[in-house]
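**Q** This is the structure, below, for whatever I ask next.
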């Protein structure tokens, strides 16, 4: 099968019912094999090698997920992801060269849902795409809006507001806030949060939870340096506290009290 014209939907006789995947990677040999694998499991694909073209196609194709190469010209995958998350919560998988660890770390801290190291086989990317979308679907099953103090979460359109004003969150920030909101007052360990929000993502680690909690605090707390909503359970994890004056709580897992404090 030849490489499809850049940005054009691939011609295929398969039934494609699971939505579009946009791939902006500067190595067509990698995306061609991955596109075949994705189409085998029911996705349609759009492939480009230019970042500006990828941004243009976002509105046109409304992809369910975007695969971004860290070195995609002219602005790079990390900056592309930043621009995508400024206007929407489309999940993103980063593709990076093995020696570009700094780019991967920056991308993950900014909200990438997963990453792959080049070279990779098409089946591996397809498996990662399906895993990310499964985790996302798990958070979309509940439809009732939640109000937690000044914060309101409406899962019907994945909209978060603070005192009525919309708060822009990345896909991972939204999933993290939503999961904690489903368990108000409960002490959640970092491992439990990783399992629920990051699942089997290849880059999962306990420090990434702390990074995203700090980013969330900057967006939903009146004073992120003394958080009242997203509080630290020292030596354990985090707790979403609906009441601003709650300073201690019982751990429902074992009945013991755990100290709650501000900060990371």
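**Q** For the range 27-153, what is the percent of antiparallel DSSP beta bridges, rounded to the nearest 5?
**A** So the antiparallel bridges in the range 27-153 amount to around 25 percent.
**Q** Let a ≥ b ≥ c be the square roots of the eigenvalues of the Cα gyration tensor of the range 20-139; is it rounded (a/c under 1.5), or, if not, prolate (a/b larger than b/c) or oblate?
**A** Since a/c stays below 1.5, the shape of the range 20-139 is classed as rounded.
**Q** Right, another one. Can you tell me which of 18-27, 70-79 comes out highest on packing, and rank the rest after it, using the mean Cβ neighbours within 10 Å?
**A** Averaged packing, sorted descending, gives the order 18-27, 70-79.
**Q** Once the mean 1/r over all distinct Cα pairs of the range 52-96 is inverted, what Kirkwood radius in angstroms do you read off?
**A** By the Kirkwood definition, the hydrodynamic radius is 10.4 Å.
The numbers here are math on the coordinates, done by the rules we state, and not lab data. Values in this document were obtained by computation on a predicted structure and should not be read as measured data. When we count neighbours, we look across all protein chains shown, and the Cβ atoms used for this are built from the backbone with ideal geometry, even at glycine.
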